[in-house]
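Q: Before I ask anything, here is the structure I am working with.
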Amino acid sequence: MSPIYLDPSQPIEERVADLLGRLTLEEKISLVHGDSKFTTPAIPRLGIPERWFSDGPHGVREDTGPHTWTSMGRTDDFCTAMPVLIALAATWDTDLARSYGEVIGSEARKRGKQVLIGPGVNIQRTPLGGRNFEYLGEDPWLASRIAVNDIQGIQSQGVAACAKHFAGNNQEQDRMTVSVELDERTLREIYLPAFKAAVVEGGVLSVMGAYNRFRGVYCCENDYLLNHILKGEWGFQGLVVSDWDGAHHTEGCVLHGLDLEMGTELPYDQFYLATPFLEGIRRGEFPVAVLDEKVRRNLRQMFAVGAFDSPGLAGAINTRQHQAMARKVAAEAMVLLKNEDQILPLDPHAIKSVAVIGENAVRRQCHLGGSARLKAFYEVTALEGIVRRIGPMANVTFSQGYSSGSPGDAPDADTLIASAVRAAGTADVAIVVAGLNLARAVDLAAVTGPNRNALFDAEEADRKDLKLPFGQDELIRSVVAANPRTIVVLVSAGAVEMGSWLDRVPAVLLAWYAGMEGGNALASILFGDANPSGKLPCTFPKKLSDSPAHALAAYPGNDGIETYAEGLLVGYRWFDTKEVEPLFPFGYGLSYTSFAYSDLRIAPDIAAAAGPAFSVEFTVANSGACPGAETAQLYVRALRPSMPRPFKELKGFQKVFLQPGEKRTVSIPLKAEAFSFYDPARGAWVAEAGDYVIMVGSSSRDIRLESPVHLDRTTVED
Ligand code: BGC
C-alpha cells in the first residue's frame, strides 16, 4: 500500500504529517535552506523532488547558477516577457491581472519551477525608488486588487506565488541595512494591506522577508512582522522565505518566523538554518518542534503545487496566446498624459513620413533591471512596432537623438540633436521615444564619463532625481521647435520632470517598460488600433520636493534609520490633503473617446451580514466616437473624523469597456473596511459613526459625482 503522503486523495495536512514523520533530522534541515542559488535538494529515498525557485515578477527568469549569479547559458529558458508590474497596475484591470498571472505561472510550470518569486507588493513611497517598476504603485487598495488576481492566476497553474518584500522595503538606497521606522497606523493602513490581501484573499503560498530592518530588527528575523502579524493575526500557513542573503543570525531565523533561508554567502552547510541550527537542536538550544513547523510549511507549499503528484499541469512557454496577452497588457497599461487637439491617434493613411527619434526607440530593455531581468524570446522595439504598422505606407526614419553613454567615437549631443531636428523638420510627425533605462548605469557597459553614475529603474539603487538624463529635455525642446507635431513617448517606471517642454508638446504617452510586445502595443495606440485606457497608479509630482518623503526631507534616512515622517500621507493622500498641485494626479489617464458619469445612487446593502454596507451604483456612458475603456474610481472622504485622515482614499474601482453611445451601470460594494481607520490604541479597525462623502470619478482629481453617506453606529473589527 502506498504511503499516505503519496496519495493525492488525502488532505494536504495528512500528507504533510505523514511525510514529516518519515524524515530524519538531517533531511529536515536540508529542506529549510538552499543547496544552490535557487534550489533546495531532492530526497530521493522518499521521492521528494529538487525544488526550484525562480524570479520574477513579470516573467520567468533565465536559469542562473548553480552557485553564482552567472547565466547557465541554456537555450530552453527564454520566456514571454510581460510588461513590468507597475504597468499591470496601470491597467486597473483585475481580470487582466489574473490572465497575466496565468501566463507567468504556466511558463514557470513548464520550466519546472515550484515557486515563482513575485509579485512585489511594496508601496511606492518615493518616485525615486529603484524597484518601483516591480511594484504596484502608491495605493494599498489598487495594489491589493491587482496582487490578489495576479497571485491567483499564477497559482492556478500549479506554481506557488511569493509576495515580496515583507515589509517596509520601499527604497533601494541602503536596502541591506536601513531600519524603517513608522507608526503602527501607517503600517496597517498603507504598507501592509497588499500583503494581507495576498495572504487572506489571494491564498499566496509563500512570502519573502525583506532585506531591510523594521524597527531595528532585520525583516527576515522579525518576530513582530513574521510571527505576530503574518502567521498570528493573518493565519498564514505557507512558507516564509528569506530574501537572498537576507538572513543574519541563527537564533533570529530559527525563532522569529523564517522557514527557508536562501542566498546566504557560501558554504551552504554554514547557512544559519543549516549546521548551526542542527547543532543548536542537538545541544538542546532549539526544540525540534520549531524545525518541524518550518518543514511542515515547506512541505505544505510542495504538496499545494502537486510536487508529489503526476502528471499534473503541463504549462507552456511562449505560446501565441502568451504573446498576445503580453501585447494586450502593454496596450491597456499605456497612459495618455496629454493629447492636445486630438493629435493622437495618427491617421495611418494620411501620414506619409514619420521621424522616430530617441535611443529608447531601439533599446531593448527586458534583459535588464536586476533580479527581475528576463531572457525574452524576442523584444519588439518601438521603432520596429512603428515600421511594422506603417512601414509599407510611409517613410519612417530613425535618429538616435541622445545617447545613454556610447563609446568615445559616438557623435556628441549637439550632433545627435542636430540630426534629429533635421529629420523632424521634414517629417509629417515626429515621435520622440525618450525616458529612462531599466538598468543602473553600471549595467550599461558602454556608459562612460559623467553618466556613469546615473541611476535609473533598477534594483540596488534609487534614482538621484526626476530629471530626464542625457540631454533629453533639450532634445525634446529642439525637436518640437522644428516640428510642432511632436509626440513624446516616455519609457519609464514613473514620474519624470517635464516642466521645460510639456506646454510645447501636443501629446505625451507613457509606455512604461512594456515587455516584449511593447513596440507592437505602442504602434497600436499611436495609430488608433487600440484606445489608451491606462491610468496612473502613482502621482507624478511637478518636482521632487513636492512629493511627501522629499518635502519632509524624510529620505533616504539618517544614521541607518529611515523615519516615515509623512505617515499616512503617501502619494495622492499627501497631494490632496496638503493641497499640492501634481503634474499628473493618481488615477489620471486620457482616452481617444470621452465618458459621461451620471445617476449616483447609494443604497444600504440589506443582504450584508454585519456592519455597515452599501451598494454604490452609477452609470458610465461612452459619449465619444470610438470604443474605449474607462476606469471609474470610488474615493471615500470622512467628514469630521475623530483621528486625522487623508483627504480621501480609494476604496473601489471598476474598468468598463464601452462602444460609442453604450452605457453601463457600475455597482461597487462598500463594506465597513471602506470607512475604517486603524486605531492603534484598540489594535483594531474602526468604522466610525458619522458623515462621509462618496466621490466617483475618472481620476483622483476629476471627481464627477458625489454623495453624502451616513454611518449610524461605530463598528470595530480586528
Ligand atoms: C531580490 C529578490 C529576488 C532575489 C533572488 C534579491 O536580490 O531582492 O527580489 O527575488 O534576489 O534573485
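Q: Counting only heavy atoms of the protein chains, get the accessible area per residue of the chain (1.4 Å probe) and round it to a whole Å² value.
A: Per-residue accessible area for the chain comes out at 35 Å².
Q: Could you order the peptides 277-288, 577-588 from most to least packed, using the average number of other C-beta atoms within 10 Å per residue?
A: With the highest mean Cβ count within 10 Å placed first, the list reads 577-588, 277-288.
Q: Here's something else I'd like to know. First select every other residue whose beta carbon is under 12 angstrom from the beta carbon of residue 6; then total the charges, Lys and Arg +1, Asp and Glu -1.
A: Result for the local shell: -2.
Q: Just add up the charged neighbours of residue 331: K/R +1, D/E -1, any other residue whose Cβ is under 9 Å from the Cβ of residue 331.
A: Net charge in that neighbourhood comes out at -1.
Q: For region 305-346, list log₁₀ I(q)/I(0) at each q in 0.14, 0.26, 0.28, 0.30 Å⁻¹, using the Debye formula over Cα point scatterers of equal strength and ignoring solvent, two decimals each.
A: The calculated log intensity ratios at q = 0.14, 0.26, 0.28, 0.30 Å⁻¹ are -0.59, -0.90, -0.94, -1.00.
Q: Could you tell me the ratio Rg/Rh of the chain? Both radii from Cα atoms, Rh via Kirkwood.
A: We get a ratio of 0.97 for the chain.
Q: Among the lysines, select those whose C-alpha is under 28 Å from the C-alpha of residue 338, and discard any that sit fewer than 8 residues away in the same chain.
A: Partners within reach: 328, 352, 464, 467, 535, 542, 543, 578, 648, 651, 655, 663.
Q: Specify the inter-centroid distance of region 353-425 and region 311-330, based on alpha-carbon positions, in whole Å.
A: 28
Q: Report, by chain and number, residues whose modeled amide H sits under 5 Å from the one on residue 160, excluding near sequence neighbours (fewer than 5 apart, same chain).
A: It is 115, 116, by chain and number.
Q: Toward the positive end of the charge dipole of the chain, about the Cα centre and with charges on Cβ (Lys, Arg +1; Asp, Glu -1), which of 561, 594, 67 goes farthest?
A: The residue sitting farthest along the positive end of the dipole is 594.
Q: Got a number for carbon plus sulfur as a percent of the chain's accessible area, 1.4 Å probe?
A: Its accessible area is 51 percent carbon and sulfur atoms.
Q: For every helix of n ≥ 4 consecutive DSSP H residues, a contribution of -39,500 (n - 2.57) applies; sum these over the chain, divide by its total residues, and give [θ] at 222 nm rounded to the nearest 500 deg cm²/dmol.
A: -6500 deg cm²/dmol
Q: Another one. Just how large is the dipole of region 195-273 about the Cα centre, in debye to the nearest 20, putting +1 at every Lys and Arg Cβ and -1 at every Asp and Glu Cβ?
A: Working: 4 positive and 11 negative charges, 66 e Å.
Dipole of region 195-273, to the nearest 20 debye: 320 debye.
Q: From the residues 96, 220, 86, which one has its Cα farthest along the dipole of the chain in the positive direction, the dipole being from +1 and -1 charges on Cβ of Lys/Arg and Asp/Glu about the Cα centre?
A: 96
Q: Arranged from highest to lowest average of other beta-carbon atoms within 10 Å per residue, in what order do the peptides 513-523, 693-703 appear? Before the final figure, lay out each step's value.
A: Details: 513-523: 28.5, 693-703: 19.5.
Listed from highest to lowest mean packing, they are 513-523, 693-703.
Q: Cβ under 13 Å from residue 87's Cβ, residue 87 left aside: what net charge do those residues give with Lys, Arg +1 and Asp, Glu -1?
A: -3
Q: Further, regarding this structure: Quick one: putting +1 on the C-beta of Lys and Arg, -1 on the C-beta of Asp and Glu, what dipole do you get for region 38-137 around its Cα centre, in Debye to the nearest 20?
A: My answer is approximately 280 debye.
The values are calculated or read from the model by the stated rules, or taken from the named source; none is laboratory data. Note that the structure is a prediction, hence the values are computed from the model and not measured. For neighbour counting, all protein chains shown are included, and Cβ atoms are generated from backbone atoms with ideal geometry for every residue, glycine included. Ligands, DNA and RNA are stripped out before the accessible areas are found, and what is left, the full protein with its side chains, is counted by its heavy atoms. Shrake-Rupley method; radii C 1.70, N 1.55, O 1.52, S 1.80 Å.
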